[in-house]
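Only one structure is covered here, and it is reproduced in the block below.
The values are calculated or read from the model by the stated rules, or taken from the named source; none is laboratory data. Every value quoted in this text rests on a predicted model; they were computed, and no experiment measured them. Neighbour counts are summed over all protein chains in view; Cβ atoms, including those assigned to glycine, are modelled from backbone coordinates with ideal geometry.
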Number of protein chains: 2
Amino acid sequence: MYDMARGATMTKLTQGRIAAAALALLERDGLDRFSMRRVAAELDVGAMTLYGYFRSKDELLDAAVDLASAEIALPPSGGTWQEQLRSLVTEMLRVLRAYPVAHHIRARGPMLSSGALRSTEAGLSILVGAGCSQEDASKAWRLLFTYVFGFAAFTPAELSDAERRELKLRLAGMDATELPHVAAAAAAGAEAMTGSDAFGFGLDAILAGLEARTSI
Amino acid sequence: MYDMARGATMTKLTQGRIAAAALALLERDGLDRFSMRRVAAELDVGAMTLYGYFRSKDELLDAAVDLASAEIALPPSGGTWQEQLRSLVTEMLRVLRAYPVAHHIRARGPMLSSGALRSTEAGLSILVGAGCSQEDASKAWRLLFTYVFGFAAFTPAELSDAERRELKLRLAGMDATELPHVAAAAAAGAEAMTGSDAFGFGLDAILAGLEARTSI
DNA sequence: ACCTGAACACCGTTCAAGT
DNA sequence: ACCTGAACACCGTTCAAGT
């Protein structure tokens, strides 16, 4: 009966509903503002209720990431293996950017969840289909995987005006005598720091390297 | 006078001493257990004292990372550009593993600190020295940089026995029908997931790709 | 100047209890 | 079963005060 008073909470609580609320909170407020208490509030529920469905904050976060992974669209099977991998990896970056959780992900956690394994299966399948040995395919996928996640975590998507100003200040304060190449690169323009074609350049280099160094 | 009672705290407090204490704490207890209050306790000082030297926890963390970056040994100038880059990047991975902070690093923070820029300067210098254009060198360095940081953040250094057991369980629970390639790779052995030669494989592929795709 | 305790507004999680 | 408030042991940071 008292359920009537609880907005959208008429439907039963499930792991899935909680994970979805967690993911929405993540998308809206980011990882820093994410907390069990806030997820619970979003669901009009006591904070402790969540612990009946997830053993810890980390576990809930993993479930949210898993849910996000399900959003990764797998590439159509046409085209060269390079085109297919490019499409898959670019789509992974898109989702990683949409839900800024790359920073939380631990190596052995959500990477092995069923959602994340969809992309791994797709990637391995493309590589093996192209003639890669099992072992090379594993290593090649790890490389591609490391690259997308690293790019998502360590390259800013776009700079705000305040960030751009601060960056300019820092670069201007640099010692051109001690750091000549850095200074030259900085002078050449800070937009190279964030440009999304930087992602494409690295990806192309990796694909070319794989072609040269594997059994493909 | 009261200073006499404070263990190692005779010397004056400075940004450097605080950053060193922070880094030591990071190394000993990891990022999760890192807190302003604990750093302060380590220095036998009130927590609020630190705010006279750093504006926030993030700023102190940045300074600690900067200090760690200074530990990266730059490669000797002999050898091919590939050998030099391999040596530099491998050394970066070593330091990133010694101080498990890769996960905290934000794209626009410590990457621009003077300590971190030492490695960037060295990397750009090797690339330009090898005949790379300014622009290609920037992009190539970003790729290498993304790879080391991504590898440090997303590949476990080594698995504990408990982790190995859990991994095995998860892999055994996988659906070989839906994920045939993942299952095959898993059967081939989980040690490929952590093997440090995975780092070498990726690095070699990247170097080969750079050779193929830049003005080098 | 340099340092500080108390206080504020939060955390994740345990526990014993409610329905 | 499913949910919960109170409590514990923490956080980062502001503030007004101490020397």
Qualifying residue in the range B:10-18 (condition: at pLDDT 95 or above, outside the structural domain of B:Tyr147 (by TED's automatic domain parsing), within 16 Å of DNA strand D (Cβ to nearest atom) and surrounded by 20 or more Cβ atoms within 10 Å (Cβ to Cβ))
yes
Checking A:Asp3 against (1) at pLDDT below 95; (2) within 14 Å of another protein chain (Cβ to nearest Cβ); (3) within 14 Å of DNA strand C (Cβ to nearest atom), only one condition comes out false. Which one?
(2)
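What is the residue count in the range B:47-86 for residues that are of a type outside the set (Lys, Arg), within 16 Å of DNA strand D (Cβ to nearest atom) and more than 17 Å from the chain's Cα centre (by Cα)?
Result for the range B:47-86: 10.
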Failed condition for A:Glu158, given (1) within 21 Å of the chain's Cα centre (by Cα); (2) crowded, with 20+ Cβ neighbours inside 10 Å, with all others met?
(2)
Only one of (1) among the charged types (D, E, K, R); (2) away from DNA strand C (no atom under 16 Å from the Cβ); (3) at pLDDT below 95 does not apply to A:Arg86, and that is (3)
Please enumerate the residues belonging to the range A:186-216 that are at the interface with chain B (Cβ under 7 Å from one of its Cβ atoms), part of a helix (DSSP H, G or I) and at pLDDT below 85.
A:Ala192
Kindly indicate the residue of the range B:19-46 that is on the phi < 0 side of the Ramachandran plot and surrounded by fewer than 14 Cβ atoms within 10 Å (Cβ to Cβ) and also farthest from DNA strand D (Cβ to nearest atom) among those meeting that condition.
B:Arg28
Which numbered condition in (1) surrounded by fewer than 21 Cβ atoms within 10 Å (Cβ to Cβ); (2) touching a residue at least 12 places away in the same chain (Cβ under 8 Å); (3) more than 26 Å from B:Gly173 (Cβ to Cβ) is the only one that A:Pro76 fails?
(2)
Only one of (1) within 14 Å of chain A (Cβ to nearest Cβ); (2) at pLDDT 95 or above fails for B:Ala102. Which number is that?
(2)
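A quick yes/no check of all residues on (1) within 8 Å of DNA strand C (Cβ to nearest atom); (2) among the small types (Gly, Ala, Ser); (3) more than 14 Å from chain B (Cβ to nearest Cβ):
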| site | (1), (2), (3) |
| --- | --- |
| A:Asp44 | no, no, yes |
| A:Thr49 | no, no, yes |
| A:Gly52 | no, yes, yes |
| A:Asp62 | no, no, no |
| A:Val65 | no, no, no |
| A:Ala70 | no, yes, no |
| A:Thr80 | no, no, yes |
